[in-house]
Structures are given as C-alpha cells and as structure tokens.
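In what follows, a single structure is set out as structure tokens and then discussed.
The values are calculated or read from the model by the stated rules, or taken from the named source; none is laboratory data. From a predicted model like this one, the values you see are computed outputs, not experimental measurements. Every residue, glycine among them, receives a Cβ derived from its backbone with ideal geometry; neighbour counts consider all protein chains shown.
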Amino acid sequence: MTDSVLTIETFTEPSFGENAFVVSATDNDGKKVGFVIDPSFPPAVHKLLSYIATEHILLEKIVLTHGHADHVAGLDIVHTAHPDAAILMAKADQPMLADSYANLSAPFGMAITLQAQATDDLVPDMAFEMGPFTWKVLDTSGHSAGGRSLYCAQAGVVLTGDALFAGSIGRTDFPGSDHHQLIRHIRENLLSLPDATMVYSGHGPTTSVGNERKSNPFLSD
C-alpha cells in the first residue's frame with residue numbers, strides 16, 4: 001500500500017452535464033502527478049486547467065473514455081497547455097476525433113473536429129502507473145465501439161465514462177452502439193468489482209458498484 005492520497009476533482013460542463021476529472025497523487029519524489037479524463041467544452045475545461053496550474057500538477061496523460069463530442073471537446077485546449085501529455089484512447093474510437101458526424105457534434109449543429117490525435121491505444125487489461133497508483137483499462141464498449149473504463153484497485157475507484165451511471169447506463173441508440181454488448185461488459189467488467197468500489201461516471205453523481213448491482217433497473221436479472 002501507499003501513503004499517497006489519490007485525489008479526484010470533478011469539472012461538470014453545464015450544457016451537457018458531462019463530468020471531466022483531474023486525477024492526481026504525489027509520486028515518490030514528492031511531485032504531484034496526474035491525468036485528465038474526458039475534457040469537455042468551455043468554461044469547464046478552463047476551470048480544469050486552472051486547477052491543474054494552481055495545484056502544480058504535472059499532467060502526464062489525457063485519457064478519453066470514448067469519442068463523443070461532450071467528452072473530447074476540450075482535448076485541443078488541454079493538449080495546447082500540456083503538449084507533453086500522452087493522449088490515450090481506444091483505437092476503435094480514435095477516428096471520431098476528426099469526424100463531427102461520428103462524434104455526434106454535427107447533428108447538434110456544432111461540427112466539432114479536433115487537431116490533436118491519440119498517441120496510445122487503450123487496450124483492455126493494459127495497466128499504467130500514476131505515481132504510486134496502478135490503473136487498469138476495462139473494456140466497457142457498447143455505448144461506443146471503443147468505450148473504456150479505468151479501475152484503480154488500491155483506491156477502490158472506477159471511472160466509467162458513459163458506460164454506467166447512478167441508476168442508469170449509457171445510451172445505445174447511437175451509430176456504433178450495441179446494447180447487448182454494453183450490458184455484457186458492465187456485468188463482466190464492472191459488476192465483478194468489489195461492492196465498495198466508488199463509481200465516477202461521465203454524467204451524474206458518484207455511486208458504488210454495490211448500489212448499482214442492487215438497484216440499477218437496467219441491470220436487474
């Protein structure tokens with residue numbers, strides 16, 4: 001175990017209610033290191049960057065759970081401020097960054113395309129380190145073809161993007177969605193985690209695996 005404390009700060013975008021996160025901890029050299037997950041539209045992304053600067057966090061990674069516009073809209077802004085940060089995203093969703101129809105922004109009249117490109121694939125079961133903490137990539141595709149979640153067993157937390165919410169699940173009526181696949185991956189890769197695991201979702205409040213196992217109406221037997 002580690003004496004370092006894991007901090008998860010939430011930045012909610014007001015129009016779509018999307019939750020972006022800054023996850024940070026102190027490494028063995030006493031420096032704050034961290035990663036951003038799913039940076040969204042201004043003003044939330046600017047508040048996120050201000051927090052990183054105020055807390056003197058060395059941003060190592062930008063992690064994208066999937067490619068829908070409300071979860072990637074702030075990528076270029078964060079990458080411009082932190083050009084050395086790696087960009088991690090599942091290969092299946094990477095084309096969505098440059099395709100406003102695939103990332104669903106064009107149907108909303110926004111036509112968002114990003115200049116920054118992913119530098120690394122988020123392969124299921126791969127692990128990466130952030131300070132003293134290890135994060136494991138979970139396959140939670142179904143809301144999108146490349147949907148991923150991030151699990152830290154040491155801290156007892158999982159970041160689920162738009163796979164699992166408090167009392168709900170991600171929509172599966174979008175191009176590339178697959179309802180049966182999403183349900184299967186939630187059951188196999190999220191509900192298999194300890195009940196006390198805290199769930200940080202891409203929209204809405206935090207919950208726990210145990211709460212969702214017992215009361216989520218989309219997951220009842």
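Yes/no per residue for (1) at negative phi; (2) under 14 Å from the mean Cα position of the chain (by Cα); (3) at pLDDT 95 or above; (4) not polar (S, T, N, Q):
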site	(1), (2), (3), (4)
Thr12	yes, yes, yes, no
Ser15	yes, no, no, no
Asn19	yes, yes, yes, no
Val22	yes, yes, yes, yes
Asp29	yes, no, no, yes
Phe35	yes, yes, yes, yes
Tyr51	yes, no, yes, yes
Exercise. Given the conditions (1) free of Cβ contacts under 8 Å to residues at least 60 places away in the same chain; (2) part of a loop (DSSP other than H, G, I, E, B); (3) in contact with a Phe, Trp or Tyr (Cβ under 7 Å, 6 or more places away or on another chain), report the number of the one that Ala155 does not fulfil.
Key: (1)
Quiz item: Looking only at the range 74-88, which residues are under 17 Å from Ser50 (Cα atoms) and small (Gly, Ala, Ser)?
Solution: Gly74, Ala81, Ala85
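Restricting attention to the range 206-218, does a residue exist that is part of a loop (DSSP other than H, G, I, E, B), hydrophobic (A, V, I, L, M, F, W, C), surrounded by fewer than 17 Cβ atoms within 10 Å (Cβ to Cβ) and out of contact with any helix residue (DSSP H, G or I) (no Cβ under 6 Å at 6 or more places or on another chain)?
yes
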Self-check item: Among the candidates Leu193, Leu182, residue that is without any contact (Cβ under 8 Å) to a residue 60 or more places away in the chain, over 15 Å from His68 (Cα atoms) and in contact with a helix residue (DSSP H, G or I) (Cβ under 6 Å, 6 or more places away or on another chain)
Solution: Leu193
